[in-house]
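The values are calculated or read from the model by the stated rules, or taken from the named source; none is laboratory data. Given the structure is predicted, the values throughout are model-derived calculations rather than measurements. Here the Cβ is made from the backbone with ideal geometry for all residues, glycine too, and neighbour counts use every protein chain on show.
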Amino acid sequence: MTTIVTGGLGFIGKNFIKTYSKFKNKFIINIDTGTYASKDYRKIKFENIRYLFDINDKKKLKNIFQKYKPEAIINFAAETHVDRSIKSSKIFFKTNVLGTLSLLEASRDYINKNNIKKFKFIHISTDEVFGSLKKKEKSFTEKTKYNPLNPYAASKASSDHLVRSFVNTYNFPAIITNCSNNFGPFQNKEKFIPMIISKAIKKQNIPIYGNGKQIRDWIFVDDHCEAIIKILNHGKLGESYNIGATNEVENIELAKKILNLIQKKLKSKFNFSSLLTYVNDRLGHDYRYSINSTKIQNELNWKIKINFQKRLEQTIDWYLKRLK
């Protein structure tokens, strides 16, 4: 199978290609703009064909489709950092909305002109499109109404709606996935877990928004990637699948857990928790995300393989080795 991956130099895209490359007879085309979020792409050990350009370039997209005749496209390409979207949202809507539209149009033209019978468009989205939950509210399901509460979430919700409109209007062969917070190797240091590790090593203050009581459901990136492969191989066209680890934890508790593990691993007497510094809360900060993954577990027989504690330690080890 020839598969186009967009955003394959980003955090989840890198890990997906690493996982997917293990399967035989899988040919991967990786399209990425090569922005700040993928600045270390030359360090990646695994091989795939790379094209560095904006997915809004319809002519280049068309040429790649015609040259390689893909059977699937997996759209990871996105601007993802909430803080950046609050400061300047324009690029988020250009990439996440208009970029998705370009991919949909290019895919549809390719299918129609070549009479393609087997094709899947997997659109990778986020649980943030559903908004924020109170502490005792039920987890997000595939039927939860969209309620994006920040510019990033709004841009991803818009892209999801575009995909669904193509499914409904053109019978377009697409599937949407909505995943919880990812962690693991290759993640940019501006993100929560690598930020904590990086600043701890340098003994710099670690900012915690508000009271730190915000709750997130964390999933190891390899588990997410394996879920995507399940969906690619067995998912039902026109459907959406929630992907989560049922692993909710407060930001402040996760930060303390990471710092305690670092202290043990470095065998240091320094109190890393003393670096925690409470700062003004993020504008419009969502309180809680929680994913119900029953559908993908029951229909596609997917489940988490290794527990959160072990995955967190693996992640810390990966960063300690590279940041020390």
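In the stretch 272-293, the qualifying residues are those that are aromatic (F, W, Y) and part of a loop (DSSP other than H, G, I, E, B), and the one that is surrounded by the most Cβ atoms within 10 Å (Cβ to Cβ) is Y289. Scanning the stretch 162-213 for residues being over 15 Å from S107 (Cβ atoms) and hydroxyl-bearing (S, T, Y) gives a total of 4.
Every residue, every condition in (1) outside any loop (DSSP other than H, G, I, E, B); (2) without any contact (Cβ under 8 Å) to a residue 40 or more places away in the chain, yes or no:
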{"position": "A153", "(1), (2)": "yes, no"}
{"position": "S158", "(1), (2)": "yes, no"}
{"position": "H161", "(1), (2)": "yes, yes"}
{"position": "V167", "(1), (2)": "yes, no"}
{"position": "I175", "(1), (2)": "yes, no"}
{"position": "N178", "(1), (2)": "yes, no"}
{"position": "E190", "(1), (2)": "no, no"}
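Going by the conditions given, is K117 under 16 Å from H161 (Cα atoms), surrounded by fewer than 21 Cβ atoms within 10 Å (Cβ to Cβ) and free of Cβ contacts under 8 Å to residues at least 40 places away in the same chain? When the stated conditions are applied, K117 does not pass them. Scan the stretch 74-98 for residues that are of a type in the set (D, E, K, R), within 18 Å of F11 (Cα to Cα) and part of a helix (DSSP H, G or I) and jot them down. Correct list: D83, R84. Scan the stretch 294-321 for residues that are outside any helix (DSSP H, G or I), touching a helix residue (DSSP H, G or I) at 6+ places or on another chain (Cβ under 8 Å) and not β-branched (V, I, T) and the total you get is 4.
Pairs are defined by a Cβ separation below 8 Å, a sequence spacing of at least 6 or placement on different chains, a first member in the stretch 277-296 that is touching a residue at least 12 places away in the same chain (Cβ under 8 Å) and farther than 20 Å from S139 by Cα, and a second member that is charged (D, E, K, R) and surrounded by fewer than 17 Cβ atoms within 10 Å (Cβ to Cβ); the pairs so defined are R282/D83.
Results for (1) free of Cβ contacts under 8 Å to residues at least 12 places away in the same chain; (2) touching a helix residue (DSSP H, G or I) at 6+ places or on another chain (Cβ under 7 Å); (3) acidic (D, E); (4) in a helix (DSSP H, G or I), shown as yes or no for each residue.
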site	(1), (2), (3), (4)
I208	no, yes, no, no
G212	no, yes, no, no
D222	no, yes, yes, yes
K236	no, no, no, no
N260	no, no, no, yes
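Within the set E248, E226, the sole residue that is charged (D, E, K, R), modelled with pLDDT of 95 or more and touching a strand residue (DSSP E or B) at 6+ places or on another chain (Cβ under 8 Å) turns out to be E248. Residue count for the stretch 46-67, restricted to those that are assigned to a strand (DSSP E or B) and under 12 Å from T33 (Cβ atoms): 3.
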